[in-house]
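Since the structure comes first, as structure tokens, the remarks are kept for the end.
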Amino acid sequence: MSANQPKRCVQVLNEALHEIFASRGDVYLFGEDILDPYGGAFKVTQGLSDGYPDRVFTTPISEASLFGVAAGMALRGQRPILEIMFGDFIALGLDQVVNGISKFREMYDDQVTVPLVVRTPMGGRRGYGPTHSQSLEKLLLGIPNICVVAASECHDLGALLTHAVEDDGPVFFIENKLMYGRMNRRPEDGHIGELAVRESGGPYPALTFSGTDFTEAFATIVTYGGMVPIVLEAVTELILEHEIFCEVVALSQLSPMELDAVYESVGRTGALVTAEEGTLTGGFGAEIAARVQAAAWSDLRAPVQRVAARDGIIPSARSLEDAMLPSVDDVVAAVSALEGVRS
Amino acid sequence: MTALAAFYERMFFIRRFEESLLDLFSLGKLVGTTHTYIGQEANAVGVIEHLDPDRDVVFSNHRCHGHYLAFMDDAFGLLCEVMGKAPGVCGGKGGSQHLCKGNFYSNGVLGSIVPVATGIALAEKKKGTGAVSTVFLGDGTLGEGVTYESLNIASLWQLPVLFVVENNYYAQSTPVELGLAGSIAARGAAFGVETAELDTTDVDMIHEAAGRAISRIRETSAPYFLVLNTYRFSPHSKSDDQRDPAEIEERRTRDPLLVAGARLADDERSAIEARCEERLAETVEAAEAAPAAAPRVAA
């Protein structure tokens, strides 16, 4: 047993929050049902209200207002963290995001900053149905002047969250419901499992996985968040059953989009698949495809393939939900479609 | 100078500033939009007299020029901002409805500002500054649900927010009876917020009522809901006015400038007005001479 025993993601996030609260007096937490002993619907905030009762506010069910309350706190020099219980509910606060939080600094000519963090879990596969299962982060991707960070089980979750709180601008910190219960798998000796891993710099790094030690490979798959373990499973299946080697780029910074890791990988592989759990149209993959074709056209030997949820609702019945959301098979099929183009 | 004379000077300057804006628009020297405060000046002046610009915070709305001038006394910065000039308070990025300087903020979406002012009050309470966060809203804003969420939170957490509802009886072109059910004052009371309602254009009475409200907030750190029934003589924006002219004329008999001006000696009033005209002319001249806001050159 190593000294750094792996922990579940929910525990890593919780410990990071405790450290942030212990080290900074200007951090506040707002959210519904976050008081102990309940400690939040997904338990990420457990123990904070007991430890810091003056800085932890359990709130009315008023998301629209709470985004604004957090903005007001941030305008006056505090660092609020707002937990939105289900990511679907960010829709209630979007006016504040679009017309206030994202605008204040620039429209007030840099006289203010808005250092706030909105933490929220996205994602399906738990049978919660159409309004509690979505991955809505794509709604945020086109909004100037906010940062959208997606945590995955392979990222340094504590560092990501700490950077988000220390960021002088507004950060959406997207968690994932299934991620909470999984182990936070960090690289050991440059590897996670059988795959070699490189981590880019910056506060919100990208992880690049390779089964060929970053020599040639067949394709790059770019993804984030809750799709990371699904894509890694697909990559393993492609190696074992089809002898196809792919690189995977797991982004944590979704917006503003910085794709250096993707361009580098595509330079080695010559083909790209995007994989997201949100609906297909106007999404993460669409933006990446547009940027990669412009920046790396000469590297590409095939059209970019996108894997995403179908453009529809996420049904409650698990059998229907499974048919709606992108799966390991969908990722394998998209990579195989690249092969079809080449042959 | 008496308090009333000082109030009159501020109100008169706001009035003439706004009239000048409309003139500049018709001369084609302004573009975009503006929402003038003509007729409502006694509210800004009477309330803001009690606020300390170094400590207290004001969050205003699309109709913000009167509040800004009363709180910041910065006509040049405001005029440049509205005219798209580089020395504007926000470098020309905000324009008429999106102002920020010191402890003053405004934003252009109705309702949006109310929770932000509530969060500001929480921050100031936690910092122990003793600041009052004053938010100006209108009857139209009472259609926005986020206003009620914020009233609830301000009361629940006992936050030092002064909600000032300036009911001018029209949401753009829509009369209040087509937009609002029930009582305005009862909306504050329903959340357990101490409430007062005034039906006057007398700056002294507004000043006195606002003084009581702000003293209560400073004593208790609890919110207060102040309803000021008022009227704007000018259109919602520039030329969008369908109201019965007879109604406007009747209201003009209660013009806050007439009400306050009648209590001043003629020579004192004339001297104040002349001073304001001179200051305004200098401000307009300086703003016209100022350079236009220039886009930042990409690095």
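For every residue, the table says whether it meets (1) in contact with a Ser or Thr (Cβ under 9 Å, 6 or more places away or on another chain); (2) within 17 Å of residue A:208 (Cβ to Cβ).
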site	(1), (2)
A:250	yes, yes
A:254	no, yes
A:277	yes, no
A:304	yes, no
A:311	yes, no
A:318	no, no
A:321	yes, no
### Summary
Restricting attention to region B:77-93, the residues that are touching an Asp or Glu at 6+ places or on another chain (Cβ under 9 Å) and either at the interface with another protein chain (Cβ under 8 Å from one of its Cβ atoms) or of a type outside the set (A, V, I, L, M) (or both) number exactly 8
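Yes or no, residue by residue, for (1) in contact with a strand residue (DSSP E or B) (Cβ under 8 Å, 6 or more places away or on another chain); (2) in a helix (DSSP H, G or I):
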| position | (1), (2) |
| --- | --- |
| A:268 | yes, yes |
| A:275 | yes, no |
| A:278 | yes, no |
| A:281 | no, no |
| A:286 | yes, yes |
| A:290 | no, yes |
| A:295 | no, yes |
| A:298 | no, yes |
| A:313 | no, no |
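Pick out the one residue from B:175, B:160 that is within 25 Å of residue B:72 (Cβ to Cβ) and of a type outside the set (Val, Ile, Thr). Give the steps one after another, and end with the answer.
On the way: B:175 fails: within 25 Å of residue B:72 (Cβ to Cβ).
Exactly one of B:175, B:160 is within 25 Å of residue B:72 (Cβ to Cβ) and of a type outside the set (Val, Ile, Thr), namely B:160.
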#### Entry: Wholly enclosed helices (runs of 4 or more DSSP H) of region A:1-82 bearing at least 1 residues in contact with a His (Cβ under 8 Å, 6 or more places away or on another chain) and surrounded by 22 or more Cβ atoms within 10 Å (Cβ to Cβ)
A:48-51
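Within region A:62-82, which residues are more than 9 Å from chain B (Cβ to nearest Cβ) and either without any contact (Cβ under 8 Å) to a residue 40 or more places away in the chain or not charged (D, E, K, R) (or both)? So that I can check it myself, show each step before the final result.
We begin by selecting, within region A:62-82, every residue more than 9 Å from chain B (Cβ to nearest Cβ); these are A:79, A:81-82.
Residues satisfying the conditions are A:81, A:82.
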## Note on the structure
Only one of (1) among the charged types (D, E, K, R); (2) surrounded by fewer than 24 Cβ atoms within 10 Å (Cβ to Cβ); (3) more than 20 Å from residue A:73 (Cβ to Cβ) does not apply to residue A:137, and that is (2)
### Message
Where the second residue is buried (at least 23 other Cβ atoms within 10 Å of the Cβ) and among the polar types (S, T, N, Q) and the first is more than 7 Å from every other protein chain (Cβ to nearest Cβ) and assigned to a strand (DSSP E or B) and lies in region B:94-116, which pairs have Cβ atoms under 6 Å and are six or more apart or on separate chains?
### Response
B:106/B:60
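Identify, please: which residue in region A:100-118 is farther than 21 Å from residue A:141 by Cβ and more than 8 Å from chain B (Cβ to nearest Cβ) and is, among those, surrounded by the most Cβ atoms within 10 Å (Cβ to Cβ)?
So in region A:100-118, the residues farther than 21 Å from residue A:141 by Cβ come out as A:108-113.
Now drop any that are not more than 8 Å from chain B (Cβ to nearest Cβ), which leaves A:110, A:113.
Numbers: A:110: 12, A:113: 16.
Across region A:100-118, the extreme among qualifying residues is A:113.
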#### Entry: Sole residue being surrounded by 10 or more Cβ atoms within 10 Å (Cβ to Cβ) and among the small types (Gly, Ala, Ser), chosen from B:246, B:292, B:265
B:292
### Message
I'm trying to understand the selection: among the residues of region A:293-327, which are out of contact with any Leu (no Cβ under 6 Å at 6 or more places or on another chain), more than 30 Å from residue A:132 (Cβ to Cβ) and either in contact (Cβ under 8 Å) with a residue 24 or more places away in the chain or outside the structural domain of residue A:257 (by TED's automatic domain parsing) (or both)?
### Response
A:295, A:296, A:299, A:300, A:301, A:303
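Can you pull out every residue in region A:83-99 that is facing chain B (nearest Cβ under 10 Å) and crowded, with 24+ Cβ neighbours inside 10 Å? Give the steps one after another, and end with the answer.
So in region A:83-99, the residues facing chain B (nearest Cβ under 10 Å) come out as A:92-93, A:95-96, A:98-99.
Passing the criteria: A:93, A:96.
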### Query
Can you find a residue in region B:75-88 that is assigned to a loop (DSSP other than H, G, I, E, B), within 14 Å of the chain's Cα centre (by Cα), modelled with pLDDT of 95 or more and on the phi < 0 side of the Ramachandran plot?
no
## Note on the structure
Requiring at least 3 residues that are in contact (Cβ under 8 Å) with a residue 40 or more places away in the chain and under 20 Å from residue B:40 (Cα atoms), the strands (runs of 3 or more DSSP E) wholly within region B:146-265 are B:161-167, B:224-229
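Conditions tested, residue by residue: (1) without any contact (Cβ under 8 Å) to a residue 40 or more places away in the chain; (2) surrounded by 17 or more Cβ atoms within 10 Å (Cβ to Cβ); (3) of a type in the set (Ser, Thr, Tyr).
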{"position": "A:128", "(1), (2), (3)": "no, yes, yes"}
{"position": "A:144", "(1), (2), (3)": "no, no, no"}
{"position": "A:164", "(1), (2), (3)": "no, yes, no"}
{"position": "A:177", "(1), (2), (3)": "no, yes, no"}
{"position": "A:184", "(1), (2), (3)": "no, yes, no"}
#### Entry: Residue among A:234, A:250, A:219 that alone is at pLDDT 95 or above, surrounded by 24 or more Cβ atoms within 10 Å (Cβ to Cβ) and over 30 Å from residue A:315 (Cβ atoms)
A:219
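Only residues that are of a type in the set (Asp, Glu) and either closer than 16 Å to residue A:262 by Cβ or assigned to a loop (DSSP other than H, G, I, E, B) (or both): list them for region A:200-241, please.
Keep residues of region A:200-241 that are of a type in the set (Asp, Glu), which gives A:213, A:216, A:233, A:237, A:241.
A:213, A:216 - these are the residues of region A:200-241 that are of a type in the set (Asp, Glu) and either closer than 16 Å to residue A:262 by Cβ or assigned to a loop (DSSP other than H, G, I, E, B) (or both).
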### Query
Only one of (1) in a loop (DSSP other than H, G, I, E, B); (2) more than 12 Å from chain A (Cβ to nearest Cβ); (3) under 28 Å from residue B:205 (Cα atoms) fails for residue B:43. Which number is that?
(1)
### Query
Across region B:128-180, what is the number of residues that are surrounded by fewer than 24 Cβ atoms within 10 Å (Cβ to Cβ), of a type in the set (D, E, K, R) and either under 13 Å from residue B:110 (Cβ atoms) or within 12 Å of another protein chain (Cβ to nearest Cβ) (or both)?
2
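The values are calculated or read from the model by the stated rules, or taken from the named source; none is laboratory data. All values derive from a computational prediction rather than experimental measurement. Note that we place each Cβ from the backbone using ideal geometry, even for glycine, and neighbour counts take in every protein chain shown.
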